[in-house]
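Report on the structure given below.
The values are calculated or read from the model by the stated rules, or taken from the named source; none is laboratory data. Because the structure is a prediction, the values reported are computed rather than measured. Here the Cβ positions follow ideal geometry from the backbone for every residue, glycine too, while neighbour counts run over all protein chains shown. For the accessible areas, the whole protein counts, side chains as well, though only heavy atoms, and no ligand, DNA or RNA atoms are used. Shrake-Rupley method; radii C 1.70, N 1.55, O 1.52, S 1.80 Å.
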Amino acid sequence: MRAQLGRKKESNYKMIKIKDLHASIDGKEVLKGLSLEIPKGEVHAIMGPNGSGKSTLSYVLSGKEGYEITSGSISFDGHDVTNMMPEERAALGMFLAFQYPVEIPGVTTINFLRTAINSLRKARGEEEMDAISFLKLQKARTAELGVTMDMLKRGLNVGFSGGEKKRNEVLQLVMLEPRFAVLDETDSGLDIDALKVVSKGINSLRSAERSFLVITHYQRLLDYIKPDVVHVLADGVIQKTGGAELALELEKHGYAEFEKNQSNGAVA
Amino acid sequence: MMVAEAQINNNTINLLEGWEEGLDKAPEWVQSFRKKAADDVMKTGLPTPAWEDWKYTNLRNLESVTLCEASSLHVVPNISSPFIDLKPIIVQLFNGSFVGEMPDLPDGLMIAPINEVWTNDWFKGFVSSLSIDTPMEALNSAFLNDGIVIKVSENTKIAEPLLLLSTYENSKDMLSVMPRIVIILENNAELNIVEHQSGIGSYVCNQATSINLGEKSKLGHYILQDNDRTQGYLFNTTKLNCYDDAVYDGFSLNHGAKLSRHEIFADLLGERIECIINGAYNLISTQHHDTTIKTGHFSPNSISKQIYKGVINHEASAVFQGRICVHNDAQGTDGHQLNRTLLLSEKAEFNAKPELKIYADDVKCSHGVTSGDLNDEELFYLRSRGIPEIEAKQILTKAFVAEVIEGIKDSVVRDIFLSISIEEGTK
């Protein structure tokens with residue numbers, strides 16, 4: 001499958017364009033002029049030490065309140081999304097798999113999935129998915145990920161283990177089928193078997209029409225989700241860009257080289 | 001009776017108006033019962049914010065109301081209720097009086113209008129043994145006539161739920177309704193009751209509910225209070241006496257009237273009782289709702305739990321007062337109380353007064369109160385999946401309330417409550 005992807009890219013159409021992005025939280029600048037372009041169909045990985053701005057980047061990409069973009073811009077598939085609301089970005093086809101998915105008691109996972117799918121369809125001017133088609137889709141996708149009916153009927157992420165929460169994030173990813181997905185430390189808290197299952201789910205979505213940004217601290221995840229490009233983020237800017245081999249290098253030598261560039265304080 | 005400084009104000013006189021009507025037709029004991037109650041009301045007056053238990057609920061607006069007699073309509077109003085789906089035994093009260101035909105009742109279940117049973121010794125014995133602790137109860141007692149008695153015989157389990165449809169309606173002046181509901185479960189009896197209270201137009205309803213649960217009996221008591229939100233005053237005083245091994249599973253969903261107060265006295269007189277009094281309320285506009293619960297543990301090893309969740313929007317206000325009192329003999333008591341409130345507007349107001357009074361040594365008791373806005377992280381999570389902000393807020397509000405509804409023991413009743421829109425009620 002992999003051979004068919006990535007390699008086949010004909011156009012160099014940029015799905016995501018981040019230009020000189022400066023973003024602050026509580027008056028403290030975390031992203032300090034970050035620029036990044038991800039062509040259609042490619043998987044890019046961002047690696048970096050703690051406090052380099054990795055999670056901030058994921059939140060800024062998905063439109064979380066509380067992050068102030070002081071300059072620069074983000075565009076997705078030709079749309080300037082810099083100031084868009086989270087739901088508008090989702091409707092365009094952007095997705096964030098959270099590092100720490102919240103627990104929402106009283107909202108069952110299955111109802112949440114159905115509401116999300118139909119909200120996206122409505123925003124795109126499409127017809128709502130009927131109950132039968134939804135169940136068909138849900139059954140196929142949950143089987144692949146080992147998500148049980150019991151999990152689907154429980155409150156969203158309530159009482160889920162770390163691994164179950166991450167599988168639930170990937171379930172949402174495969175159900176909502178975005179065109180661009182940010183995976184924020186999806187490997188954290190996963191044992192090796194769960195990591196394989198989760199990676200398989202993500203890989204099944206790889207296509208020439210879809211791009212990914214995989215944020216991770218460790219190289220391990222990239223053994224399973226092979227990136228086309230690896231970037232090193234430190235001190236709020238991209239410090240280095242290379243091929244998949246860059247991840248192995250980082251695993252060997254650590255981030256020391258980049259951390260010396262990192263100025264005061266750690267911000268996730 | 002709590003006697004504070006007597007304050008005989010206009011609303012006392014207003015609400016007592018007409019209490020003597022039909023008095024001569026009542027049995028002698030009812031006449032003296034009513035006279036004494038009316039006297040009590042005149043002595044104390046109605047509560048004012050100077051009374052400790054009424055600090056946050058002010059009845060002064062009642063002063064200006066003009067009451068007219070309850071309409072004695074004998075046409076059964078056409079009520080839609082989501083609880084019809086339970087295929088229940090349906091009994092209808094209109095402005096406090098029984099209307100329509102009495103349905104066929106299963107063996108062991110007796111339902112009758114109060115004024116048809118009040119010559120019976122057991123009824124007299126039960127009602128005259130009840131303490132009268134509040135002026136609202138005394139006021140209701142001064143009018144004892146309307147309402148019904150529900151009684152389940154020993155060792156009888158009633159399979160079908162009972163749906164009590166209570167409607168208040170008046171389009172002219174204010175209407176005062178003083179129904180009494182008496183629920184008696186004899187030893188080892190079981191029943192589920194759903195009360196759907198629906199008020200339209202302006203009215204004052206002051207209901208008193210007296211419940212007696214015999215040994216090993218089980219009562220599911222579920223209330224949907226689904227009134228016109230802009231008008232109406234609704235007072236509901238529930239007195240609950242439980243004996244050994246009784247189970248009370250109580251839940252009420254209050255969409256409120258203009259002003260409402262639900263006051264519950266639960267006396268756990270026997271051992272190993274399980275008493276659950278849960279509820280939720282959702283207030284908008286300038287509505288005011290007050291829940292006041294007083295639980296008394298008198299014997300060892302009983303459990304009492306209360307969880308109330310409130311959603312307050314606009315300029316509405318709510319009060320939660322909860323007192324658990326564990327008496328000397330009540331070792332091994334397990335008493336818990338939790339109140340969580342969602343304040344959806346800056347002008348929404350919430351006052352809470354949790355209290356624990358513990359006179360026994362070996363007990364587990366807790367109480368807690370929280371209030372706040374919707375969780376930003378949860379809101380962002382839903383929005384990031386494409387759910388628009390308004391809808392995401394509705395989902396989270398409903399989920400907040402659903403958590404307490406999910407505690408209802410009867411799964412079919414639970415599902416119906418879950419399907420009721422928290423914003424709109426059933427209307």
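Here are the numbers:
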| item | result |
| --- | --- |
| Length gained when the stretch B:GLU160-B:GLU403 is fully extended (0.36 nm per residue, less Cα-Cα span) | 84.9 nm |
| Sites B:ASP104 and B:GLU315 - FRET efficiency at Förster radius 45 Å, r taken between beta-carbons, to 0.05 | 0.40 |
| Förster radius 51 Å - calculated FRET efficiency between B:ASP39 and B:GLU377 (Cβ-Cβ, nearest 0.05) | 0.30 |
| Relative contact order [Cα under 8 Å, 6+ residues apart], the stretch B:156-312, whole percent | 18 percent |
| Solvent-accessible ranking of A:ARG210, B:ARG34, B:ARG323, largest area first, probe 1.4 Å | B:ARG323, A:ARG210, B:ARG34 |
| Debye log10 I(q)/I(0) at q = 0.06, 0.14 Å⁻¹ for chain B, Cα point scatterers | -0.23, -1.41 |
| Amide proton proximity set for B:ILE193, modelled H, under 5 Å, gap of 5+ | B:LEU162, B:GLY220, B:HIS221, B:TYR222 |
| Per-residue HN-Hα couplings for the stretch B:304-317 [Karplus 6.51, -1.76, 1.60; θ = phi - 60°; Hz; x = Gly/Pro] | 10, 9, 9, 10, 10, 10, x, 10, 10, 10, 6, 9, 6, 9 |
| Pairwise FRET efficiency - B:LYS305 versus B:GLU346, Cβ, R0 = 35 Å, nearest 0.05 | 0.60 |
| Computed magnitude of the charge dipole of chain A (debye, nearest 20; Cβ of K, R +1, Cβ of D, E -1) | 660 debye |
| Charge-dipole axis of the stretch B:374-427 as Lys and Arg at +1 and Asp and Glu at -1 on Cβ define it, positive-most pick from B:ILE390, B:VAL413, B:LEU374 | B:VAL413 |
| Backbone N under 14 Å from the A:SER188 label point (7 Å along Cα→Cβ), restricted to the stretch A:58-92 | A:58-59 |
| Helix A:192-204 axis, angle to chain A major axis (alpha carbon atoms, nearest 10°) | 80 degrees |
| Protection proxy ranking of A:223-229, B:187-193 - average other beta-carbon atoms within 10 Å, highest first | B:187-193, A:223-229 |
| Cα-projected label distance for B:HIS336 with A:GLU257, points at 7 Å along beta-carbon direction, nm | 5.6 nm |
| Relative contact order computed over the stretch A:98-184 (Cα-Cα under 8 Å; 6+ residues apart), in percent | 47 percent |
| For the stretch B:72-370, accessible area per residue (1.4 Å probe, heavy atoms of protein chains only), Å² | 34 Å² |
| Under 5 Å, built H, 5+ apart or other chain: amide partners of B:SER210 | B:ILE181, B:VAL182, B:ILE183, B:LYS239 |
| Averaged over A:105-112, number of beta-carbon atoms from partner chains that fall within 10 Å | 5 |
| Where B meets A: accessible area buried, both sides, 1.4 Å probe, Å² | 2000 Å² |
| Solvent-accessible surface (1.4 angstrom probe) belonging to A:LEU137, in square angstrom, nearest 10 | 40 Å² |
| Spacing of the two label points (7 Å from each Cα toward its C-beta) at A:GLU144 and A:LYS200, in nm | 1.1 nm |
| Between 0 and 90°, nearest 10: helix A:162-176 axis offset from chain A longest Cα axis | 80 degrees |
| MRE, 222 nm, helices only [DSSP H, n ≥ 4, -39500 (n - 2.57), over chain A, to nearest 500] | -10500 deg cm²/dmol |
| For B:SER304, residues with placed amide H under 5 Å, excluding near neighbours | B:CYS275, B:ASP334, B:GLY335, B:HIS336 |
| Carbon + sulfur, % of accessible area of the stretch B:348-427 - ligands and nucleic acids excluded, 1.4 Å | 46 percent |
| Peptide ranges B:49-62, B:209-222 listed from the most packed, as the mean C-beta count within 10 angstrom indicates | B:209-222, B:49-62 |
| Segment B:SER131-B:HIS327, extension gain: residue separation times 0.36 nm, minus the distance between their alpha carbons | 68.7 nm |
| Cα-based helix-to-principal-axis angle, A:131-145 vs chain A, degrees rounded to 10 | 50 degrees |
| Partner chain coverage, peptide A:61-73 - average Cβ within 10 angstrom | 1 |
| Note, ³J(HN,Hα) from phi for the stretch B:212-218, Karplus 6.51, -1.76, 1.60, rounded to Hz, x at Gly and Pro | 10, 10, x, 4, 6, 8, 9 |
| Relative contact order computed over chain B (Cα-Cα under 8 Å; 6+ residues apart), in percent | 10 percent |
| For B:395-402, mean number of other protein chain Cβ atoms within 10 Å | 4 |
| In nm, spacing of pseudo-spin labels at A:ARG124 and A:GLU209 (7 Å Cα→C-beta vector) | 0.8 nm |
